[in-house]
1. Ignoring ligands, DNA and RNA, what percent of the 1.4 Å accessible area of segment 186-314 is carbon and sulfur?
2. Please give the peptides 163-170, 277-284, 112-119 ranked by average Cβ packing (other Cβ atoms within 10 Å per residue), highest first, as a rough proxy for protection.
3. For F275, what accessible surface area do you get with a 1.4 Å probe? Give it in Å², rounded to 10.
4. With +1 on each Lys and Arg Cβ and -1 on each Asp and Glu Cβ, how big is the dipole of segment 195-314 about its Cα centre, in debye rounded to the nearest 20?
5. Place the peptides 305-314, 185-194 in order of packing, highest mean first, counting for every residue the other Cβ atoms within 10 Å and averaging per peptide.
6. Suppose accessible area is computed on protein heavy atoms with a 1.4 Å probe; arrange W230, W265 from highest to lowest.
7. Listed here are the pairs K122/K311; K266/K311; K172/K311; which of them are more than 23 Å apart at the Cα?
8. Which peptide among 295-304, 174-183 comes first, and what is the full order, when sorted by highest mean count of other Cβ atoms within 10 Å?
Amino acid sequence: MRIRGPDEPFEMTANALPAHPPVHLANAKGTAGLARACPACGHMVDHRLRFRANNCDILQCSSCSLGRAETPGFDPAAYYTADYFSGRHADGYADYLGAEPVLRREFARSVDFIRGYRRGGKLIELGCAYGFFLMEAARHFEVAGIELAADAAEHGRRAGLNILQGTADEAKLRRIGPVDVIVLFDVIEHLPDPRETLALCRRQLNPGGIIVITTGDFGSLAASLTGTRWRLMTPPQHLWFFTRESVQRLASGLGLTVEHLDHPWKIVPASLIAFQLRRMLGLRQPSGVASAGRIGLPVNLFDAMRIVLRKAGP
Ligand SMILES: [Zn+2]
């Protein structure tokens, strides 16, 4: 049986039924109500414990199916360092800089996709890493970025990009001013409070502006089949595991319309595929820098969503 943490509410049903305690307790582990404020639903909802991964409890909202990692004492600022992007963290990116050519090609495709919804104007990317996407977007948009990792932010600045270093808070968004497009590629699942950040984004958007998000799909077949070994089940790095329904609720609660949601194909650096395969199989990562940065392979496990949210026009 799971031990209750100091700040957690009691699992009410665990004490409610005295009959057949062993069977009941086994049952209660998966289904007992754990009340949490769900950022997608926007209020307190019962959650159920799905499983434990990397010593974090993974709970799921019983109403919208949003998954969440309970990560006591996790400090994002200490985690997203140069090591995160160079493969030294088990769950980080394998040789991100070395994969620039493949990443740039993929980001150019993302820019084309975005221009189907907004042809131009001002664009910001939250969590812009080394700025590879912004370099491609700059062909059509006036661009800016916010990045937590200092050395990644510095790399983008040296390339001439307008990048603010730190968390994406109100002060930084205000410094950038009103925008037409806000991009969060594989970022929303890292945010301590995704609802608050998206609310800030909405305020910063011009009427008719869009927010483009990519994130894993916890409701996908791949996620269901692989459970704790799902490639995106990497707490404490990933704190949230969205589903189609949780995206829908989060958006409508903030006055945004889901204009598009799909599971796109993606050109992925071969080095990243090898890195994730080794991690999944529990194999050691090679110590040298991978040289497969120029090789990209089309991949689709249909377990990641691409979403366009629109703020109502004038
Ligand atoms: Zn919910």
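The values are calculated or read from the model by the stated rules, or taken from the named source; none is laboratory data. It should be emphasised that the depicted structure is a prediction, and the values quoted were computed from it without experimental measurement. Positions of Cβ are backbone-derived with ideal geometry, glycine not excepted, and every protein chain shown enters the neighbour counts. Calculation scope for accessible area: heavy atoms of the full protein, side chains included, ligands and nucleic acids excluded. Shrake-Rupley method; radii C 1.70, N 1.55, O 1.52, S 1.80 Å.
1. Working: 3570 of 6060 Å².
With neighbouring chains kept in place, the figure for segment 186-314 is 59 percent.
2. Working: 163-170: 17.5, 277-284: 10.9, 112-119: 14.4.
Final packing ranking: 163-170, 112-119, 277-284.
3. Here the accessible area works out near 10 Å².
4. Details: 15 positive and 6 negative charges, 53 e Å.
That gives a dipole near 260 debye.
5. On the way: 305-314: 17.3, 185-194: 19.3.
The peptides rank, most packed first, as 185-194, 305-314.
6. On the way: W230 10, W265 140 Å².
Ranking W230, W265 by accessible area, largest first, yields W265, W230.
7. On the way: K122/K311 15 Å; K266/K311 27 Å; K172/K311 21 Å.
Pairs exceeding 23 Å: K266/K311.
8. On the way: 295-304: 15.4, 174-183: 18.9.
Descending mean neighbour count gives 174-183, 295-304.
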